[in-house]
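Below: the structure, in structure tokens.
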Amino acid sequence: MNKIRKDKIKIIKFVYKLVIWLFVFLLAMIMWDTSYSPWWSEGFEGHMKLIIIAILYLLVYHVLAKMYHAYRIGEYRLTDLVYFHLLCFGLSDIFLYVEAAVYYHRMMFILPVFVIFMCQLSGVIVVTFVFNRWIMRYMLPIQTTIIYGKNDYERLVKKIEALKKIHIVAGCFAEKEIKSELEQYLNKCQKVYLYEVSNSCKKYFINYCENKNVELYITRDIEEILTSEYEISHSLDIPFMRRRRELVRWYYPFVKRLSDILLSLTGLVLLSPILGIVALCIKLYDGGPVFYKQTRLTEGHKIFEIYKFRSMVVDAEKGGARLASRNDNRITPVGKFIRMTRIDELPQLINIIKGDMSVVGPRPERPEIEAKYLKELPEFELRLKVKAGLTGYAQVFGKYNTTPYDKLRLDLLYINEQSVLLDLKLIVWTIKILFIPESTEGIEEGRKTPSNISGGNRKY
């Protein structure tokens, strides 16, 4: 891609962002002015107040849009971009409504929020469609090469090929075969993926891509993740990496527990109508129990009983523990819906109030399955350094059928980087995955138990 083409793409992205900002700002002013407080009724002060409120709304929207990647036109599918913007609009509209209620010390008329949201839906579809068509005239699919180790790389190829307007897989090579055909493919590639390769292969391609200015993506093994937050020690003339004893701020456990209680109580109150309807549907379907209790592990190997809405037939695990598969006939019609929308997880808010779980953390695992994982992945035990969570890295960025090894890597990333800000980001990102069916897919054939666990190169 030449420099002129790149410059045009940058300009289009910048103009797209400006148009979205203007659209957001004007709609916020219109909503407040027509529904809550006409500026002309309060003179100059009302005019300034309207501008300040619109700016605050725009700032909230901008922060959410950055978090949800809503500005990345040309990098995501059109439907994804529209969805990202609608999430941002919905959360920003809630902020504006709460702002109005606090300002006037009373509950405000909510219908204008729905009317404006429909305008936002129409507007963002048109704007994003026009700019997406415009930018695609200058964006050529990125030539991509995949270098893989000894594992299942087809999953990565499928994910990249799903974005065929953005990426083209020029070649896939095992790391042992690559050197003979390296020049032929890499000279015309702008992006290289190293998928579960050896350290020597990583070293070779890091050097190659640095010299050739090629974009490089590398999967990290567990040891690299665990040492990523180490500090540099300058006490000797030899550069050492030092592991800190405490990886979180002193106030973090207190803030986390307080927020867990507040969020769980608020969630139970606000979602009580939905919880009641779901409970009634489960009971009416087959007359069986509404809730499903199961033994799980949390921080420090503590055993507790997790609560979920029952999504399978009664006695679904009569023959022993078995992970759900795609098109599993044990899942009831009601169960399919509540699993797809993650509603089956909501009773775990009770576990959070009790202190068994946290809002954000690794998913709690069953003791018998944990024992099987530990035989091949001793590092799996590191997940129990923190409380199990309702949402987290593995839940947001993984899927139900993501390999245990990949889930472990995601969980360890969270444990190493945990903070109040990261927890907030993951909670906001969770709203996005609630409406993505792919994230709740069952495991594929051949992955019905913790067999095929590792999914990564363990020896180099």
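The values are calculated or read from the model by the stated rules, or taken from the named source; none is laboratory data. Nothing here was measured: the structure is a model prediction, and the numbers come from that model. Ideal geometry is used to build each Cβ from the backbone, glycine not excepted, and the neighbour counts take in all protein chains shown.
Within region 215-237, can one find any residue that is at pLDDT 85 or above, over 26 Å from Lys385 (Cβ atoms) and either of a type in the set (S, T, N, Q) or surrounded by fewer than 11 Cβ atoms within 10 Å (Cβ to Cβ) (or both)? Among the residues of region 215-237, not one is at pLDDT 85 or above, over 26 Å from Lys385 (Cβ atoms) and either of a type in the set (S, T, N, Q) or surrounded by fewer than 11 Cβ atoms within 10 Å (Cβ to Cβ) (or both), which makes the answer no. Criterion first (among the charged types (D, E, K, R), part of a helix (DSSP H, G or I) and either in contact with a Ser or Thr (Cβ under 8 Å, 6 or more places away or on another chain) or loosely packed, with under 11 Cβ neighbours inside 10 Å (or both)) does Asp260 satisfy it? In short, yes. Glu246 meets each of the listed conditions (1) of a type in the set (Asp, Glu); (2) assigned by TED's automatic domain parsing to the domain that holds Lys354; (3) modelled with pLDDT under 90 apart from (2).
For beta carbons closer than 7 Å, sequence separation of 6+ or different chains, a first residue in region 299-314 that is of a type in the set (Val, Ile, Thr) and a second that is assigned to a loop (DSSP other than H, G, I, E, B), the qualifying pairs are Ile306/Pro364; Val313/Arg330; Val313/Thr332; Val314/Gly288.
Only one of the listed residues (Lys203, Lys188) is of a type in the set (Lys, Arg), without any contact (Cβ under 8 Å) to a residue 60 or more places away in the chain, in a helix (DSSP H, G or I) and surrounded by fewer than 16 Cβ atoms within 10 Å (Cβ to Cβ). That residue is Lys203. Checking each residue in region 96-129 for being out of contact with any Asp or Glu (no Cβ under 7 Å at 6 or more places or on another chain), surrounded by 16 or more Cβ atoms within 10 Å (Cβ to Cβ), part of a helix (DSSP H, G or I) and in contact (Cβ under 8 Å) with a residue 24 or more places away in the chain picks out Leu96, Glu99, Ala100, Pro112, Gln120, Gly123, Val124, Ile125, Val127, Thr128. Note on region 323-341: among residues that are surrounded by 13 or more Cβ atoms within 10 Å (Cβ to Cβ) and at pLDDT below 85, the one that is nearest to Ile369 (Cα to Cα) is Leu323. The residue of region 277-322 that is modelled with the lowest pLDDT, among those that are over 18 Å from Gly389 (Cα atoms) and of a type in the set (D, E, K, R), is Arg322. Contact annotation: residue pairs with Cβ atoms under 6 Å, 6 or more positions apart or on different chains, pairing a residue in region 218-242 that is within 18 Å of Ile206 (Cα to Cα) with a partner that is in a loop (DSSP other than H, G, I, E, B), are Thr219/Glu196. The residue list His85, His69 contains one member that is within 25 Å of Lys159 (Cβ to Cβ), part of a helix (DSSP H, G or I) and outside the structural domain of Tyr193 (by TED's automatic domain parsing), which is His85. Under the condition of being closer than 24 Å to Leu382 by Cα and part of a helix (DSSP H, G or I), the residues counted in region 274-313 number 3.
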